[in-house]
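The block underneath contains the structure these notes are about, expressed in structure tokens.
What follows draws every value from the coordinates through simple rules; no lab data is involved. In this text, all values refer to a predicted model and were calculated from it rather than measured experimentally. No Cβ is skipped: glycine too gets one built from the backbone with ideal geometry, and neighbour counts run over all protein chains shown.
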Amino acid sequence: LAPCDGDVKPHQIVKPSGKHKVKVRSLSTVSETPKGSPALYKLNNRSQSDVCPQAITSIIQHEKREVDQVEGQRHFRKADSSKGEPPASTNGPESKMSENQFSPHVQLPATNSGCQQPPQTKESGSRKIRSLLELGIICLPGSRDRNGRAVVEVHGDRKEWMSPLVTAHNVCELLLYLHSLPRREVRELGLTLVINARKKPVPVHLYRALLMVQEQTLHTVHSIIMLKDKDNCPRPEKHPGLQIDMVTSVRALNKTVEASQLTSDLGGTFTYSHFHWLQFHQKLVSFMADLRGANSLLHNAIKKVDSRKQMHAAQEVQESIQEQRVLMKEVLEDAGLVTLQKEGGTLLARMKKEEFRFSQSEDYRDALESMTDLYNQVEEKLHMLVMRSNESLQQLEFLHKLRETEAKIISVGTWFSSEGEQSLKNCETIDDTQVGTEKILQDFNLLLSHSKE
């Protein structure tokens, strides 16, 4: 995305005199066809931010007013629904999943500026992302451009863009979320956005969202290509801070993204069903969240078992033994871990069988590999925890016996240094008669009996 000099304003405005109108000149550049490599810009030529600060300030202020209007509409619809009218549906053209089918464990990437909204719970943020994904206006099929970047298809002609849920802030969050899904090496390359604008102009929400994304994370979007019908669609409005390559044919688009990496909506042969993607993604996100929870539980338990502290008394050792037994009971009876042990292997096998639906998707293969690795880690850590706990309990039992023996020796030593030594002195006598000898023997037996006690 083309950099914008910090000392240049987004629009140059000439003050009117008399009846003259204000003239606005845009600073963004729109090329008719991609030039050279699909890398539309080089990193060493880019400024710290691709967006003029003045443009971002203006966009955010405008978007804030827009969000207020949307919130007002939502309150109005709630009032109508309380009177018996059903709320408007925001579902897209694909068959939609029910409310409880989508996992509430979607993790949003951390944000720091443009996309921030008033504080929201993790569940509400996940629900919002789920609803945006269900609209089907922006998709991540799992394909790659000629340079290995993840391709995001933006369907600008769909009616779901009119949903009140579609705001620049929400689209920004959706783009950031989609960017977080591919593996790290692919994420670092940035996304290639292919915008289908052949039937109607792209909604302004998308341009604003792209500005926010670029202000927030510089390399999230690497290049933007807009496919349009030269005869039916007017030339798009220029947008400061965004560089968009415009193509008027699929053949020109294929110079950046091969036909085999484009879905049928863009004239390609890449196999993709958004409904099946949603189903798989729901199971993937939920399963990965359960695996991460179990992995963290086992990791913390292993750390506690491996921790060593000085225990000088048998009572301290006994308490440590009891604590470890309680810990193992809680871990092994954890509902999430028990469910994974019973159903995790079966679920993983079922998801592997869905490969025929995503045979061309690199994201599917990467996700399945990550999921399998994490599942194996959980199994290994569970086995490791049981082994180390058994070894630790054996050592603690031995230490408990040792501390008890030490306590007895110390007790005998204390008794002998006080009472025993005096009793032994009392046994010493020069009387060598039979009566005296028997008395000494009795005293020694009594002394021995006391020492054993």
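Holding the Cα-Cα limit at 20 Å, pick out from LYS128/LYS200; LYS128/LYS238; LYS128/LYS159 the pairs that are longer than that.
LYS128/LYS200; LYS128/LYS238
Convex hull over the Cα atoms of the range 276-421, averaged projected area in nm²?
It is 10.0 nm².
Round to the nearest 0.05 the FRET efficiency obtained for THR346 and GLU404 when R0 = 51 Å and r is the Cβ-Cβ distance.
So, using R0 = 51 Å, E works out to roughly 0.60.
Please state the charge dipole magnitude for the range 276-421, taken about the Cα centre, from unit charges on C-beta atoms (+1 on K and R, -1 on D and E), reported in debye and rounded to the nearest 20. Can you show the working numbers first?
Details: 19 positive and 24 negative charges, 67 e Å.
For the range 276-421, the charge dipole is close to 320 debye.
Of PRO203, THR167, THR217, whose Cα points farthest to the positive end of the dipole of the range 161-304 (charges on the beta-carbon: +1 Lys, Arg; -1 Asp, Glu; origin at the Cα centre)?
After comparing all options, I get THR217.
Over all directions, average the projected area of the Cα convex hull of the range 124-271 and note it in nm².
8.4 nm²
Using 14 Å as the cut-off for backbone N distance, which residues of the range 280-306 belong to the label zone defined by a point 7 Å from the Cα of LEU327 along Cα→Cβ?
In the range 280-306, the label zone of LEU327 (backbone N under 14 Å from the point 7 Å along Cα→Cβ) covers 297-306.
Of the peptides 138-146, 397-405, how do they stack up when ordered by the mean number of other Cβ atoms within 10 Å, highest first?
138-146, 397-405
By average Cβ neighbour count within 10 Å, what is the ranking of 350-357, 325-332, 158-165, 186-193 from highest down?
186-193, 158-165, 325-332, 350-357
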